[in-house]
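In what follows, a single structure is set out as structure tokens and then discussed.
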Amino acid sequence: MENREKYLSFVVPCYNSESYMARCIESLLPGGEDVEIIIIDDGSKDKTVEIADAYQKQYPDLVKVIHKENGGHGSGVNAGLACARGVYFKVVDSDDWLDGTAYQKLLEKIRYYCKEAGRGEEKPDLFVCNYVYNHLEQQITRSMGYGNVFPAEKICHWSETGHFLPSQYLVMHALVYRTEILRQSGIVLPEHTFYVDNLFAYCPLPYVRNIFYMDIDLYQYYLGRDDQSVNEQMLKKRIDQQMKVTRMVIAGADLTKIKEKEPKLASYMYRNISIMMAISSIHLLLIGNEEALEKRKNLWGEIKTSNPKLYYKLKYASLSGWTDLPGAVGRRLTIGGYRLANAVYRFQ
């Protein structure tokens with residue numbers, strides 16, 4: 001790969017991805033020499049290795065392959081960030097892809113700011129774009145946008161943001177960070193842990209000052225594989241990892257200090273913790289045995305003991321409070337509400 005500045009680094013963590021990784025990589029190649037595609041082979045046991053190496057051989061100026069021992073999704077992101085040369089940085093999971101038209105619009109805007117910033121214009125610290133839920137087998141798609149939160153096609157600051165709807169939160173798929181922001185934040189994702197994308201979408205936010213929203217359906221998020229981490233059965237199976245990440249999100253920032261400088265950002269970050277607590281609580285209820293219910297009780301109890309202010313905010317002034325209703329009736333109401341939301345928003 002030639003030693004020139006890249007505008008955008010893509011990191012594609014791959015583990016046994018032979019069946020679908022080509023669709024992902026092919027969608028990134030049209031960026032040409034302005035981008036780099038870092039494929040992380042996370043100890044794959046199938047033909048992922050050969051496919052990745054073939055792309056590197058065919059596109060030596062665009063594609064770099066890192067072969068490493070298996071460490072999980074977070075380990076792959078860490079490895080990619082460590083060697084990324086792009087001004088901006090985006091993670092694309094190997095079963096997902098980018099829309100071609102939206103991709104070119106984003107790249108055009110990134111080129112503009114990389115060139116104009118040298119003339120005194122600030123670069124955005126974060127680009128936010130829409131993402132699309134794709135249930136390909138059922139031919140169902142649903143776009144998730146942020147037009148009510150951010151003004152489109154202009155740099156804004158946290159103080160200028162609107163209110164997030166219940167279905168809206170910033171996910172990894174929607175975000176393109178300036179690489180230096182990620183490095184300033186010191187983010188290192190835990191290895192051998194699922195759901196670390198929640199940390200990636202949360203912990204660097206206090207370091208972000210300038211935000212640029214583009215109302216384009218960029219990221220195509222594939223749903224439908226039985227082994228996906230967001231599949232309900234997988235979430236139940238991996239509930240301890242979900243709880244681990246929830247605890248890390250809670251500990252990831254001092255929201256009292258953030259509120260002093262950026263009250264709207266702090267409000268969003270409180271809300272994000274509420275969503276994480278709701279996901280953990282609901283799936284513990286779905287498991288439903290005594291051990292799971294005890295874990296749910298202990299999770300809430302930990303917060304009540306360590307941070308009473310946060311506990312009462314989560315319990316009585318946020319979405320997560322509705323997932324900790326008392327008794328069997330409360331549990332049924334919580335699960336019923338979750339089923340209804342999933343039927344409407346198709347997030348699994």
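The values are calculated or read from the model by the stated rules, or taken from the named source; none is laboratory data. Every value quoted in this text rests on a predicted model; they were computed, and no experiment measured them. Here the Cβ positions follow ideal geometry from the backbone for every residue, glycine too, while neighbour counts run over all protein chains shown. All accessible areas refer to the heavy atoms of the entire protein, side chains included, with ligands and DNA or RNA removed. Shrake-Rupley method; radii C 1.70, N 1.55, O 1.52, S 1.80 Å.
Among the candidates MET234, MET276, which residue alone is part of a helix (DSSP H, G or I), within 27 Å of ASP95 (Cα to Cα) and within 16 Å of the chain's Cα centre (by Cα)?
Result: MET276 is the single residue among MET234, MET276 that is part of a helix (DSSP H, G or I), within 27 Å of ASP95 (Cα to Cα) and within 16 Å of the chain's Cα centre (by Cα).
Return the residue satisfying two criteria in turn: it lies in segment 126-158 and is free of Cβ contacts under 8 Å to residues at least 60 places away in the same chain and open to solvent by 10 Å² or more (accessible area, probe 1.4 Å), and of such residues it is nearest to the chain's Cα centre (by Cα).
Only one residue tops the list, namely MET144.
Being under 17 Å from the mean Cα position of the chain (by Cα) and open to solvent by 60 Å² or more (accessible area, probe 1.4 Å) is the filter; apply it to segment 239-273 and report the residue that is farthest from LYS309 (Cα to Cα).
Among those that are under 17 Å from the mean Cα position of the chain (by Cα) and open to solvent by 60 Å² or more (accessible area, probe 1.4 Å), it is LYS244.
Test of understanding: among ILE216, ILE181, ILE187, which residue is assigned to a strand (DSSP E or B) and open to solvent by less than 50 Å² (accessible area, probe 1.4 Å)?
Exactly one residue qualifies, and that residue is ILE216.
Every residue in segment 266-283 that is over 15 Å from LEU165 (Cα atoms) and not β-branched (Val, Ile, Thr), please.
The answer is ALA266, MET276, MET277, ALA278, SER280, SER281, HIS283.
Suppose we filter SER27, SER44 for residues that are of a type in the set (S, T, N, Q) and without any contact (Cβ under 8 Å) to a residue 40 or more places away in the chain; which single one remains? Break it down stepwise before answering.
Values: SER27 fails: without any contact (Cβ under 8 Å) to a residue 40 or more places away in the chain.
Just one listed residue meets the conditions, SER44.
Please determine, by comparing only the residues of segment 71-91 that are surrounded by fewer than 22 Cβ atoms within 10 Å (Cβ to Cβ) and part of a loop (DSSP other than H, G, I, E, B), which one is nearest to the chain's Cα centre (by Cα).
Per the criteria, the residue is GLY72.
Which ranges mark the strands (runs of 3 or more DSSP E) fully within segment 1-70 that have 1 or more residues being more than 22 Å from the chain's Cα centre (by Cα), within 22 Å of TYR113 (Cβ to Cβ) and modelled with pLDDT of 95 or more?
Counting at least 1 such residues, we get 6-14.
Do we find that GLY80 is within 24 Å of LYS123 (Cα to Cα) and touching a strand residue (DSSP E or B) at 6+ places or on another chain (Cβ under 8 Å) in this structure?
Yes, satisfied.
State whether the residues of segment 200-209 include one that is among the small types (Gly, Ala, Ser), open to solvent by 20 Å² or more (accessible area, probe 1.4 Å) and out of contact with any Gly (no Cβ under 9 Å at 6 or more places or on another chain).
no
Has segment 163-176 got at least one residue that is crowded, with 21+ Cβ neighbours inside 10 Å, assigned by the TED database to the domain that holds PRO124, part of a strand (DSSP E or B) and in contact (Cβ under 8 Å) with a residue 24 or more places away in the chain?
yes
Of the residues that make up segment 54-65, is at least one open to solvent by less than 10 Å² (accessible area, probe 1.4 Å) and touching a residue at least 60 places away in the same chain (Cβ under 8 Å)?
The answer is yes; a qualifying residue exists.
Got a sec? Which of LYS115, LYS109 is at pLDDT below 95 and either assigned to a loop (DSSP other than H, G, I, E, B) or open to solvent by 20 Å² or more (accessible area, probe 1.4 Å) (or both)?
Answer to the selection: LYS115.
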